[in-house]
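No value in this document is a laboratory result; all are computed from the given coordinates. Computed from a prediction, not measured in an experiment: that's the story for all the values here. We place every Cβ from the backbone using ideal geometry, glycine too, and count neighbours over all the protein chains shown.
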Amino acid sequence: MKDNRTLGLRLSFLLLLLVLPAARMTIKNNNSNTLKHLQPFPPLKNDNLLRAARGEVVDRVPVWVMRQAGRYLPEFQELRKQHDFFTVCRTPELACEVTMQPLRRFDLDASIIFSDILVIPQALGMTVEMHAGVGPVLPQPICTPEDLKRLTPDGALSRLTYVGDAITMMRHKLEGRVPLIGFTGAPWTLMGYMIEGGGSKTMSKTKAWLTNYPEDTKLFLNLLTDVIVDYLEMQVTAGAQMLQIFESSAEHLSKQEFLVWSAPYLRRIRDNLVDRLTKKVIPAVPLTIFAKGAGHSLKEQSELGYDVIGLDWTVDPVEARAVVGPNITLQGNLDPQSMYCEPSELRTLTTEMVHKFGKSRYIANLGHGITPQTPIASMEVLVEAVHNAL
Ligand code: CP3
């Protein structure tokens, strides 16, 4: 009897071994993202980031840094000598390696998948090159509304699956150590790069569109919004546990312009994404909006339905809290230039910042991306000072 049971157990185990790879193949080969989500990921050990985003009690103030995987790390520069920027983005093993680099050095509370906001213009058929010392260059920009016909929104998502693959791989490699953040550029910021052909100090060509072609601008922003919603849904189904929307070029808009050319699209991204996930019974993930230079519209941002508002360093934490109220998490906002201070000064600035924000509904970060010459020791000081401040 006992032997029979043992035999039965052994047989079931064997059967499971046979069936499991087949099931995984089905998951891999099936285009349904819902199935892909069923892959068991290692359980999360440090969920302070997600708890802070949801307004729950945290063990310690979570901290991560925008561009935490980047040129201030010698191991990143070493890898970049061997591989072109977008090759790193497109090769899940390389993207994961770079994503992991800052986590090996610092006691961070989050990882952010290595990619770039400009993978969307690429998926829409545009060429994007990364020029050393210059930044991104789009050699054939969108100059007139006629040029919008060159964009290929059909199938754009299928040209971004490598980001989903990197996210899924990263969730396994993280072994549940910290949550994985996915991200995208927001419509206004992406449209700017696509019209200017790269970064711009004034965004004058893009701003000319607002007055010369207002209707085509709306079409353009709506086209980007649709792709972004698809893209974010794909990231969540691939395993992203939180999402950040970078509206880095909001600084070029007046408050009035921000409310017309940015905020409505940010709202639609959030609403459409939540609808999609709800319909597919996929658990929602916290959403962060980082609209750099839009400190003038914190109240309006707090009404867009996001869980977290990222602040740049020009905003005072106490004033921001007073404006947005108690039900939104704030993220930020140390001046990236403070990372060049002496360690003791940096420690003081960081501690003061954390005291101003408080332990509840707060995620520590810089007020923009870390810069390439930042001393590595500053990251250690920052992370430690955040964790020890309260
Ligand atoms: O935070 C992370 O660690 C994830 C990686 C990440 C990168 N780009 C890698 C990157 C993220 C979140 C981005 C987003 C991004 N990309 C934004 C929004 C955030 C922001 O900074 O406002 C923007 C505007 C871009 C477009 C972009 N990509 C620019 C303007 C540049 C040049 C920046 C510079 O300082 O030269 C890039 C290149 C880029 N993206 C680098 C990295 C690590 C450096 C390029 C290199 O390795 O050669």
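Of note:
- Ordering of 292-298, 310-316 by burial proxy (mean other Cβ atoms within 10 Å per residue, highest first): 292-298, 310-316
- Summary value for the chain: 20 percent relative contact order, contacts being C-alpha pairs under 8 angstrom separated by 6+ residues.
- Amide H contacts for Asn333 (H built 1.01 Å from N in the peptide plane; partners 5 or more residues away or on another chain; cut-off under 5 Å): Asn365.
- Sequence ranges 231-243, 201-213, ranked by mean other-Cβ count within 10 angstrom, highest first: 231-243, 201-213
- Packing-based ranking of 269-280, 166-177 yields 166-177, 269-280, ordered from highest to lowest mean Cβ neighbour count within 10 Å.
- DSSP bridge orientation in the chain - percent antiparallel, rounded to nearest 5: 15 percent
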